[in-house]
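Rule-based calculations on the coordinates, nothing more; no lab input. Just so it is clear, the model here is predicted, and its values are computed rather than measured. We place every Cβ from the backbone using ideal geometry, glycine too, and count neighbours over all the protein chains shown.
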Amino acid sequence: MLLHVKGIDFGYDKSHLLYKDFSLTLKKGEIKAIVGASGSGKTTLFELILGNIKPLKGTIKVAKLSQVFQDPYSSFHPSYSVINQIKDVAPVDEIQRYLQSMNLEKFLLNKLPHELSGGQLQRASMIRAMLMKPEILLLDEPTSALDNIIQLDVMKMLVSHLDEMGMLLITHDNDLASWCADEVIYIKGYL
């Protein structure tokens, strides 16, 4: 088991809980999708899994993970080249394989983050996350900055790596969740 969330309660206000006795497991080779409206607590769940906030009750056990954020510009420092920021966290010996599958030219990685389009930078963010060799990949709206054709290619590439890890996907896109996930979990928000 790569992720075991057991019986957690959480709310920013204890009288209005986002999660009450919530449990979730993730195994290698699985994709689980978390779907819900804005403000329902999807990103809060990732913050709990990352350990950035603590549940009021319950336990979370998690294997080595990496995350792809919805806004790639917030995950790269603006004044360092993209390739140097990748090298800071992961070896780049397999980078060509990922560049090819993400349809991204290598020369773009020598640029500063603001010199890439949102879609290009998001794909670079995914490459960085994959090169870190996580057991769990947390994906927070990873394809929202991509056009429809690139979205499908990127998701196919991610799915092709399920033999290496499990993935937890936050999305508003029911079609995407239904297409790729082994289980879709609907988050309703405050209880």
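Could you list ARG97, ARG128, ARG123 so that the one with the fewest beta carbons within 10 Å of its beta carbon is first and the one with the most is last? Display every interim value, and only then the final one.
Numbers: ARG97 12, ARG128 26, ARG123 29.
Fewest-to-most ranking of ARG97, ARG128, ARG123: ARG97, ARG128, ARG123.
Rounded to 0.05, the FRET efficiency of the LYS61 and LYS28 pair, given R0 = 22 Å and the Cβ-Cβ distance, is 0.90.
Taking Cα centre as origin and charging only the Cβ of basic (Lys, Arg, +1) and acidic (Asp, Glu, -1) residues, the dipole magnitude of region 87-191 rounds to 300 debye. Residue order for VAL184, VAL5, fewest other beta carbons within 10 angstrom first, comes to VAL184, VAL5.
Residues within the reach of a label modelled at HIS4 (point 7 angstrom out along Cα to beta-carbon, backbone nitrogen below 12 Å), restricted to region 31-67, are 59-63.
Excluding LYS27 itself, what net charge comes from residues whose Cβ is under 14 Å from its Cβ, given Lys and Arg +1 and Asp and Glu -1? Present the calculation step by step, with values, prior to reporting the outcome.
Details: positive: LYS28, LYS32, LYS61; negative: GLU30, GLU135, ASP163, GLU164, ASP182, GLU183.
Value of the local net charge: -3.
Mean sequence separation of contacting Cα pairs (under 8 Å, at least six apart), scaled by the length of region 73-144, corresponds to a relative contact order of 39 percent. Compute the relative contact order of the chain as a whole-number percentage, counting only Cα pairs closer than 8 Å that sit 6 or more residues apart in sequence. Relative CO of the chain lands at 36 percent.
For region 30-120, what does the relative contact order come out to in percent, with C-alpha contacts under 8 Å and a separation of six or more?
25 percent
Divide by every residue of the chain the summed helix terms, -39500 (n - 2.57) for each DSSP H run of at least 4, and state the resulting mean residue ellipticity at 222 nm, rounded to the nearest 500 deg cm²/dmol. Mean residue ellipticity at 222 nm (helix-derived): -8000 deg cm²/dmol. How would you classify region 130-191 from its alpha-carbon gyration tensor, with a ≥ b ≥ c the square roots of the eigenvalues: rounded for a/c under 1.5, else prolate if a/b is greater than b/c, otherwise oblate? Oblate shape, in that a/c is at least 1.5 and b/c is the bigger or equal ratio. Each label was represented as a point 7 Å from its Cα along the Cα-to-Cβ direction; for ASP182 and SER79 these points are 4.5 nm apart. Residues in region 98-109 carry Karplus couplings, in order, of 6, 4, 5, 5, 8, 6, 10, 6, 4, 4, 5, 5 Hz; the curve used is 6.51 cos²θ - 1.76 cosθ + 1.60 with θ = phi - 60°, and Gly or Pro positions show x. Compute the separation of the alpha-carbon centres of region 92-130 and region 34-61 and state it in Å as a whole number. The two parts, judged by their Cα centres, are 28 Å apart.
For the chain, compute the orientation-averaged projected area of the C-alpha convex hull (one quarter of its surface), in nm². Display every interim value, and only then the final one.
On the way: hull surface 41.5 nm².
If I average the Cα hull's projected area over directions, I get 10.4 nm².
A Förster radius of 45 Å combined with the Cβ-Cβ distance from SER38 to GLN96 puts the calculated FRET efficiency at roughly 0.75. What the phi angles of region 23-34 give under the Karplus curve with 6.51, -1.76 and 1.60, with θ = phi - 60°, is a coupling list of 10, 7, 10, 9, 10, 4, x, 9, 10, 10, 10, 9 Hz, glycine and proline written as x.
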